[in-house]
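Undergrad: Before I ask anything, here is the structure I am working with.
The values are calculated or read from the model by the stated rules, or taken from the named source; none is laboratory data. Keep in mind that what you see is a predicted model, and the values were worked out from it rather than measured. Every residue, glycine among them, receives a Cβ derived from its backbone with ideal geometry; neighbour counts consider all protein chains shown.
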Amino acid sequence: MSIEALKNALPEYAKDLKLNLSSLVTEPGLTEQQRAGTFIACALASRERSTISAIFSEFAPKLSPEALTAARAAASIMAMNNIYYRFTHLASAPDYKTLPARLRMNVIGKPGVDKVDFELWCLAVSAINGCGVCIDSHEKILRDAGLTAEQIQAAVRIAATVHAIAATLDGEAHSADLAINDVAA
């Protein structure tokens with residue numbers, strides 16, 4: 001599936017998502033690797049098959065094998081970290097915040113690509129997964145490394161759009177399933 005096919009799969013009521021996707025695939029505020037890796041990591045975080053397929057078709061060829069692996073790793077490690085750190089933040093008992101995580105996170109130290117790009121992908125996935133602790137942590141690293149608010153916002157705009165597309169397509173698939181079940185009943 002291509003990006004064009006992904007846009008065509010969206011219902012008319014999601015026209016804004018089509019327009020946002022069209023502008024974000026050429027987002028000028030990010031390097032090609034930053035943009036492509038953000039799309040890949042966010043597609044994986046979306047967990048929706050056709051979104052993942054279209055985004056991989058478009059963006060995987062734009063990444064080196066190392067960068068593609070790192071984008072995948074960002075989605076994977078943040079799937080774990082976002083749950084863990086969101087729990088420590090939301091739990092009422094204060095002792096969870098002081099306990100060591102005791103979870104392996106080696107890929108964060110050695111992602112195989114420029115650290116800034118990997119942090120950007122981690123931030124975008126954290127935005128999808130709703131972990132404020134991780135968002136703050138990665139945003140600080142990115143700002144300290146010299147990224148602008150506009151560059152960080154661009155990655156989050158990609159995350160928001162990719163997630164919304166995946167949610168819309170997933171909802172449409174479930175609506176179609178319900179319609180079939182209603183007809184069968």
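Undergrad: Check whether at least one residue in segment 9-32 is aliphatic (A, V, I, L, M), under 17 Å from the mean Cα position of the chain (by Cα) and over 27 Å from residue 113 (Cβ atoms), and report yes or no. Please lay out each step first, then the result.
TA: Step one: of segment 9-32, the residues aliphatic (A, V, I, L, M) are 9-10, 14, 17, 19, 21, 24-25, 30.
Narrowing further to those that are under 17 Å from the mean Cα position of the chain (by Cα): 17, 21, 24-25, 30.
Then drop every residue that is not over 27 Å from residue 113 (Cβ atoms), which leaves 17.
Yes, segment 9-32 contains at least one residue that is aliphatic (A, V, I, L, M), under 17 Å from the mean Cα position of the chain (by Cα) and over 27 Å from residue 113 (Cβ atoms).
This table checks each residue for (1) aromatic (Phe, Trp, Tyr); (2) modelled with pLDDT under 95.
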site	(1), (2)
2	no, yes
10	no, no
13	yes, no
35	no, no
40	no, no
45	no, no
52	no, no
61	no, no
70	no, no
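Residue by residue, here is whether (1) surrounded by 15 or more Cβ atoms within 10 Å (Cβ to Cβ); (2) touching a helix residue (DSSP H, G or I) at 6+ places or on another chain (Cβ under 7 Å) holds:
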residue	(1), (2)
88	yes, yes
104	no, no
125	yes, yes
139	yes, yes
161	yes, yes
170	yes, no
174	no, no
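Undergrad: Would you say residue 119 is crowded, with 17+ Cβ neighbours inside 10 Å, charged (D, E, K, R) and touching a His at 6+ places or on another chain (Cβ under 9 Å)?
TA: So residue 119 passes the test.
Undergrad: For segment 117-134, enumerate the residues that are touching a residue at least 40 places away in the same chain (Cβ under 8 Å) and of a type in the set (A, V, I, L, M).
TA: Residues satisfying the conditions are 120, 124, 125, 128, 133.
Undergrad: Here is a follow-up. Among the residues of segment 7-34, what is the count of those that are under 21 Å from residue 63 (Cα atoms) and either crowded, with 23+ Cβ neighbours inside 10 Å or among the aliphatic types (A, V, I, L, M) (or both)?
TA: 5
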